[in-house]
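Notes to accompany the following structure.
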Amino acid sequence: MFKKFLVFLFTINVISNVTYAEKIEVFKFNEEELQTLKVRKIKKLTDYSIGSNENGNYLKAEAEGQASGLGKEIKIDLNKTPFLNITWKVEKNLFGINERSKKGHDYAARVFVIKKTGSTALSNRAINYVFSSNENIGEFWTSPFTKKSIDFVLATTNINDNEWISVKTNVKNDFKKLHNLNVDELNGVAIMSDTDNSKMKSIAYYQNIFFSSE
């Protein structure tokens, strides 16, 4: 079922140009935007809802045997703004599963970046930045569902359980390290919280996802 979601991710195409600046906001996390995002259901729709705090709007994701993603078509020039910034929190994690296996390949929070590299959807490449419930920051592995997607741990509840944290990574460098590709431009970004394999329950939050020049 995860493979179906990858088809959804890899069919994201560029539909408009972006005026580049030092900071490019990916998601606004408001009700209007939520209605326009591309939704891909793998099993049962993850429950996504909008909230706010002193730092602005956020997306809350609750999954219990559910799996669906929210994707956005966006053109990102990685030569100008290579850094992906994410603020997120996992309130209820998925401790004890093997995230490297098909049966345990679930994450309370993850952000995909997608590069179109071929003529078919599944020929394209993705990096799956995850808030792991079990692994350590900096670890990475090939998805058990496709060699075209790499899971890369940017945060872990082993250190930051039920608290907001902000992370940053150089996506251009990551594509070279993980896929051995020199990537100048991204074609899409997607969010996914899922527990369809483990059948467990997770609760997570996403906020302030943007690309920056430094």
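Each reported figure results from applying straightforward, stated rules to the coordinates on display, with no laboratory input. Treat the numbers as computed from the prediction; the structure is a model and nothing was measured. Don't worry about glycine lacking a Cβ; one is built from the backbone with ideal geometry, like all the others, and counts go over all protein chains shown.
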Between E64 and E33, what length comes free when the chain is fully extended (0.36 nm per residue of separation minus the Cα-Cα distance, one decimal in nm)?
8.8 nm
As a test of the formula, what do you get for the chain when each DSSP H run with n ≥ 4 contributes -39,500 (n - 2.57) and the sum is divided by the residue count, at 222 nm and rounded to the nearest 500 deg cm²/dmol?
-3000 deg cm²/dmol
Can you list the residues, at least 5 places off or on another chain, whose amide H is less than 5 Å from the amide H of E185, using H built in the peptide plane?
L78
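With +1 on each Lys and Arg Cβ and -1 on each Asp and Glu Cβ, how big is the dipole of the chain about its Cα centre, in debye rounded to the nearest 20?
Details: 30 positive and 25 negative charges, 199 e Å.
It works out to roughly 960 debye.
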Given the C-alpha centroids of the range 90-163 and the range 178-205, what is the distance between them in whole angstrom?
6
Two decimals is fine: what's Rg over Rh for the range 137-214, C-alpha atoms, Kirkwood radius as Rh?
0.95
Could you sort out which of K41/K80; K80/K102; K23/K103; K28/K102; K44/K72; K60/K176 sit more than 29 Å apart by Cα distance in this structure?
K41/K80; K80/K102; K23/K103; K28/K102; K60/K176
What share of all Cα pairs of the chain, in percent, falls into each consecutive 5 Å distance bin?
1, 8, 16, 21, 23, 18, 10, 3, 0
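Net charge near N187, counting Lys/Arg +1 and Asp/Glu -1 over other residues with Cβ under 13 Å of its Cβ?
On the way: positive: K38, K72, K75, K115, K116, R125; negative: E73, D77, D184, E185.
Spelling it out: positives minus negatives among the neighbours equals +2.
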